[in-house]
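Working notes for the structure below.
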Amino acid sequence: MATATTTKPSFLSRAKAPESLPPRIVLYGVEGVGKSTFGASAPNPIFLSAEDGIRHLPNVIAFPKPNDLAEVFEMFRELTLPGHDRKTLVVDTVDWLDPFVIRSVCERNKWRDSEGNPDIEAPGYGKGYQPYVEEWRKVLSALDRVRESGIEVILLGHSKVTTFQNPAGSDYARYELAMHQRSASVIKQWPDFLLFANYDDFTVVQHGKGSEILRKGKGLSTGDRVLHTTHHAAWDAKARGSFPATIPLDYAAFTEARLDQGKSRVAGLSAEFDAKLLELNPAEPMKAKILERVGDRKDVGLLERMINWLNGEIAKKG
């Protein structure tokens, strides 16, 4: 007796636009610039931090200080469960959390110094740093699960000044995340927004007569605190999509810039949708159904899916 065969849907037929999720933010900057205040201004935040870092902030809710990395992972897991009203997790700071990561790796591998303290250098030749970086990847994966449950994640960090060895010219000083270079690299790759916070400083310089020979200048500051969102020789920063290069160090200003960015994205997709609909040129009843389906054009994911569908119909027609 013949048996019916079922055809498995193709991967292409199951393709869809990415799901919209809260942002992943890494914000690092100079001491006392206002990083914790930025995190405290996010929607319903809960902090994972050293108590001294948030003691000055009113009405801030924080997890108890963890004893080890296993407790940190448990805190992350609890945030993925229903039954709480927290909308943002603020880790203040990643360089405060880093010793928990190091200790976890060292205890697992029994790496200790001569006095019995955890020592990531104990294996020699930098061998301890590979599992150390992998442990940080596990932390970031756990934070991704928090984000996938609908919670915004903000990682705060201190900055340090290092010398960049420039292969194309003279070396120069720049700001870096105040962590080991290997973990800092992984952390900087992870977020949607890598933001550098600093005071709005500038330098007044004297020039030589008749030429632009710079002389030693005097550093001045407006006192304003700003966020840099794009890469510069003096710092690392990035923001997805079109974003102002500098905005005030203020969560409301960051949200406003994101909303403006979203409006620009919707406008671009809406124009693309109209062009594809005109190219397909369906009969009026079908066109009315398509326009009804796309609705008020505020849903980026829906616009992307409808554009993909129109592209498919145009390909069939051609």
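Every Cα-Cα pair of the stretch 262-317 was included, and the share exceeding 16 Å stands at 36 percent.
Computed over the chain, the per-residue total of -39500 (n - 2.57) for DSSP H runs of n ≥ 4 gives a 222 nm mean residue ellipticity of -12500 deg cm²/dmol, rounded to 500. For the chain, a Gaussian network of Cα nodes joined below 10 Å ranks Glu279, Glu148, Glu135 by mean-square fluctuation, and the top entry is Glu279. With the alpha-carbon atoms of the stretch 229-290 aligned to their principal axes, the span from lowest to highest coordinate is 56, 25, 10 Å, starting with the largest.
Projected label points at Leu21 and Tyr125, each 7 Å from Cα along the beta carbon direction, are separated by 3.7 nanometres. Seen against the Cα atoms of the chain and their longest principal axis, helix 300-317 is set at about 40 degrees. Against the compact-protein benchmark of 2.2 N^0.38 Å, the Cα-based radius of gyration of the stretch 35-98 scales to 1.06.
Taking each pair of different alpha-carbon atoms in the stretch 50-132 once, compute 1/r for the pair, average those values, and report the inverse of that mean as the Kirkwood hydrodynamic radius in Å to one decimal. Write down the numbers at each step before the final one.
Working: mean 1/r = 0.0671 Å⁻¹.
Computed over the stretch 50-132, the radius equals 14.9 Å.
On C-alpha positions alone, give me the angle between the axis of helix 129-148 and the longest principal axis of the chain, in degrees, nearest 10. Orientation of helix 129-148: about 50 degrees from the principal axis. Note on the chain: GNM, Cα springs under 10 Å; of Gly34, Gly169, Gly301, the largest mean-square fluctuation is that of Gly169. Separation of the stretch 267-316 from the stretch 227-257 is 33 Å, based on Cα centroids.
Please work out the ratio of the alpha-carbon Rg of the chain to 2.2 N^0.38 Å and round it to two decimals. Could you put the intermediate results ahead of the total?
On the way: Rg = 25.2 Å, N = 318, 2.2 N^0.38 = 19.6 Å.
Normalised Rg, Cα atoms only: 1.28.
Computed over the chain, relative contact order equals 18 percent, with contacts defined as Cα pairs under 8 Å that lie 6+ residues apart. If one takes the longest principal axis of the Cα atoms in the chain, at what angle in degrees, from 0 to 90 and to the nearest 10, does the Cα axis of helix 251-280 lie? Compared with the principal axis, the helix lies near 30 degrees.
Could you pull out which residues in the stretch 113-148 have an amide N less than 11 Å from a spot 7 Å beyond the Cα of Arg182, following the Cα-Cβ vector? Flagged as within label range: 120-136. Comparing Gly83, Gly32, Gly150 in a Gaussian network model of the chain where C-alpha atoms under 10 Å apart are linked, the largest mean-square fluctuation is found at Gly83. Note on Thr230 and Ile61: the model spin-label points, each 7 Å out from Cα along the C-beta direction, lie 3.9 nm apart.
For Leu27, the residues whose amide H sits under 5 Å from its own are Leu155, Leu156, Gly157, Leu195, ignoring neighbours fewer than 5 places away on the same chain, with H placed 1.01 Å from N. Between the beta carbons of Asn311 and Phe164, assuming R0 = 45 Å, the FRET efficiency works out to 0.55 to the nearest 0.05.
Using Cα pairs closer than 8 Å and at least 6 residues apart in sequence, work out the relative contact order for the stretch 37-170, in percent. Spell out each step's value before the answer.
Details: 153 pairs, mean separation 36.8, N = 134.
Rounded, it is 27 percent for the stretch 37-170.
All of the numbers you see were taken from the coordinates with simple rules; none came from a lab. A quick note: this is a predicted structure, and the numbers were derived from the prediction, not measured. Counting neighbours? That spans all protein chains shown, and the Cβs are built from the backbone with ideal geometry, glycine included.
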